[in-house]
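In what follows, a single structure is set out as structure tokens and then discussed.
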Amino acid sequence: MNEQKTTPASSTNSGNLEQFGYKQELSRSLSFWDLLIYGLIFMVPIAPFGIYGQVAQGSHGMVALAYLIGMVAMIFTALSYARMSEAFPIAGSVYSYAQRGINEYVGFFAGWVILLDYILIPSLMYLVSSAALGDVLPDVPIYVWLLIFIVVNTLINMLGIEFTSKANKIILALELIVLAVFIITAIIALVKGVNGAEFTFKPLYDKNHFSLNVVMGAVSIAVLSFLGFDAISTLAEESKGGKKSVGRAVIFSLLVVGIMFIIQTWLAALIWPDYTTFENADTAFYQIAEIAGGPWLKWTTIVATAVAWGLADALVAQAAISRILYSMGRDKKLPSVLSKVHAKYKTPYVSILLVAVISIIVTFGFASHLSTLASLVNFGALTAFLFLHIAVVNYFLRKQKSKDYINHLLFPIIGFVVIGYVWLNLDAASKKVGLVWMAIGILYMIYLKLTKKGSSLSDDLM
């Protein structure tokens, strides 16, 4: 059993895992820039390409406003991640933070709900990408693309975090090139007045159609694009930049990608101002790209979306969830075999392989239920974020007697309220399935308690 202790934030400067009862098993090789790139890759700088139509229609054309609100909402959550990652520079993300910030039971529950997010994200990305490539090469069965994506990403993740980091940099560069091409082409089209385009602030605020409930409903869809900044915290035991590097990367990646989202969606809304006339909301952005630059830009954005989601995003998602499974397995909250680390590559290879197997099962099971899968991902993430904000307040104010009421009380409360409001706007079906998942987690937690199979934590965690 691991004897884990809650160490005051002031004594965690070294990031030495022994003070938390763990050994350094993973390869500590990631710089701040590696972490930043990881976050950008996970959020996908061109993520709005795939869901633009739904956000535009849901926000009554105020798509840039939906992304702006989404970014602001996530900033407060990012600040909470930064505070907790400084206090506890260990793998496990919100699972570890709630475990030590509140107690081991809440920690398990937070880890359980974030599993619903992370473990389903790779499957969601594989399905979106395979569907996009199905339009390009209709003769290739969708399951072929699914297997190719899953096998390639599993191999890359197995070969080590450094190899994954190098792949991230190449893919991110390609995404940014495609995004730059679209932005430049769209600006030229705007100047020429293509499709009646003219500059206006309506994508940011349209007084004739504004409704807070309507916009927040669209935000609940748009936040899917932001999910992933939090995954940076799962790499805390592989970071070499000091205890503040993870928090800084979390915040900077969110700000950078948020600005990208706002610019590209604003331009798209100007090129096609009437959001009610999309031929197909699922392919709306590609229609806009074709109007702005022609068929070549349409197909470029389609292929870029497929590669970005199916390779880049799913790649880092698999890395993130494998670290959480590794952390929970290490604490015996899940089977301890999940904490096994490859002797050569220093990666949690059993967890990585498990995610690959689950991805195969989920992608084939949810092939015709993309919207349900996306809603479940959002449910898991937003619920875990609520636990995170509570953990910040409880740990710093109650346990550490902090007097920094801005960072340790005001910001977490704002984050909790905003995330809670977005959570309430999730569709009813995802809430029902999500609550069932939470109920299963409670039963499993009771089983662990009764059988004493979970590791006993120090009283300091309680």
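The values are calculated or read from the model by the stated rules, or taken from the named source; none is laboratory data. This is a predicted model, so every value here is computed, not measured. With ideal geometry, Cβ positions are generated from the backbone for all residues, glycine too; neighbour counts draw on all protein chains shown. Side chains are part of the model used for accessible areas, which takes the heavy atoms of the whole protein and leaves out ligands, DNA and RNA. Shrake-Rupley method; radii C 1.70, N 1.55, O 1.52, S 1.80 Å.
For G258, indicate whether it is open to solvent by less than 20 Å² (accessible area, probe 1.4 Å), at pLDDT 90 or above and on the phi > 0 side of the Ramachandran plot. Spell out the reasoning first.
Values: open to solvent by less than 20 Å² (accessible area, probe 1.4 Å): yes; at pLDDT 90 or above: yes; on the phi > 0 side of the Ramachandran plot: no.
The answer is no for G258.
If you go through the range 108-122 and keep only what is at pLDDT below 85 and either open to solvent by 20 Å² or more (accessible area, probe 1.4 Å) or in contact with a strand residue (DSSP E or B) (Cβ under 7 Å, 6 or more places away or on another chain) (or both), you end up with just I119.
What do you reckon, is H389 of a type outside the set (D, E, K, R), in contact with a Pro (Cβ under 6 Å, 6 or more places away or on another chain) and either at pLDDT below 90 or open to solvent by less than 50 Å² (accessible area, probe 1.4 Å) (or both)?
Values: of a type outside the set (D, E, K, R): yes; in contact with a Pro (Cβ under 6 Å, 6 or more places away or on another chain): yes; either at pLDDT below 90 or open to solvent by less than 50 Å² (accessible area, probe 1.4 Å) (or both): yes.
So H389 fits the description; yes.
With respect to L179, determine if the residue is closer than 23 Å to A47 by Cα and in contact with a helix residue (DSSP H, G or I) (Cβ under 6 Å, 6 or more places away or on another chain). Considered against the rule, which asks whether it is closer than 23 Å to A47 by Cα and in contact with a helix residue (DSSP H, G or I) (Cβ under 6 Å, 6 or more places away or on another chain), L179 comes out as no. Answer with yes or no whether G380 is at pLDDT below 90, small (G, A, S) and open to solvent by less than 40 Å² (accessible area, probe 1.4 Å). When the stated conditions are applied, G380 passes them. Of all the residues in the range 287-332, those that are charged (D, E, K, R), surrounded by fewer than 24 Cβ atoms within 10 Å (Cβ to Cβ) and touching a residue at least 12 places away in the same chain (Cβ under 8 Å) number 2.
In the range 28-47, how many are surrounded by 24 or more Cβ atoms within 10 Å (Cβ to Cβ) and in a helix (DSSP H, G or I)? Total meeting the criteria: 8. The single condition among (1) modelled with pLDDT under 90; (2) surrounded by fewer than 24 Cβ atoms within 10 Å (Cβ to Cβ) that H60 does not meet is (1).
Take the conditions (1) more than 19 Å from the chain's Cα centre (by Cα); (2) assigned to a helix (DSSP H, G or I); (3) β-branched (V, I, T); T305 misses just one of them, which is (1).
Can you confirm whether V436 is surrounded by fewer than 16 Cβ atoms within 10 Å (Cβ to Cβ) and closer than 28 Å to L116 by Cβ?
yes
Could you please find all residues in the range 261-282 being open to solvent by 50 Å² or more (accessible area, probe 1.4 Å) and at pLDDT below 95? Listed by number, the residues that qualify are P273, D274, T276, T277, E279, N280, D282. Suppose the filter is within 24 Å of the chain's Cα centre (by Cα), open to solvent by less than 10 Å² (accessible area, probe 1.4 Å) and not charged (D, E, K, R); does A249 pass it? Against the criterion (within 24 Å of the chain's Cα centre (by Cα), open to solvent by less than 10 Å² (accessible area, probe 1.4 Å) and not charged (D, E, K, R)), A249 qualifies.
Whether a residue is more than 20 Å from the chain's Cα centre (by Cα) and closer than 20 Å to F261 by Cα was assessed, and G58 passes this test.
For the range 312-336, residues that are over 15 Å from the mean Cα position of the chain (by Cα) and part of a helix (DSSP H, G or I) total 7.
With respect to the conditions (1) modelled with pLDDT of 85 or more; (2) under 21 Å from the mean Cα position of the chain (by Cα); (3) part of a loop (DSSP other than H, G, I, E, B), R83 lacks only one, and its number is (3). Taking first residues from the range 172-200 that are in contact (Cβ under 8 Å) with a residue 60 or more places away in the chain and surrounded by 14 or more Cβ atoms within 10 Å (Cβ to Cβ) and partners that are assigned to a loop (DSSP other than H, G, I, E, B) and among the aromatic types (F, W, Y), the Cβ contacts under 7 Å between residues at least 6 apart in sequence or on separate chains come to L190/F199; N195/W272.
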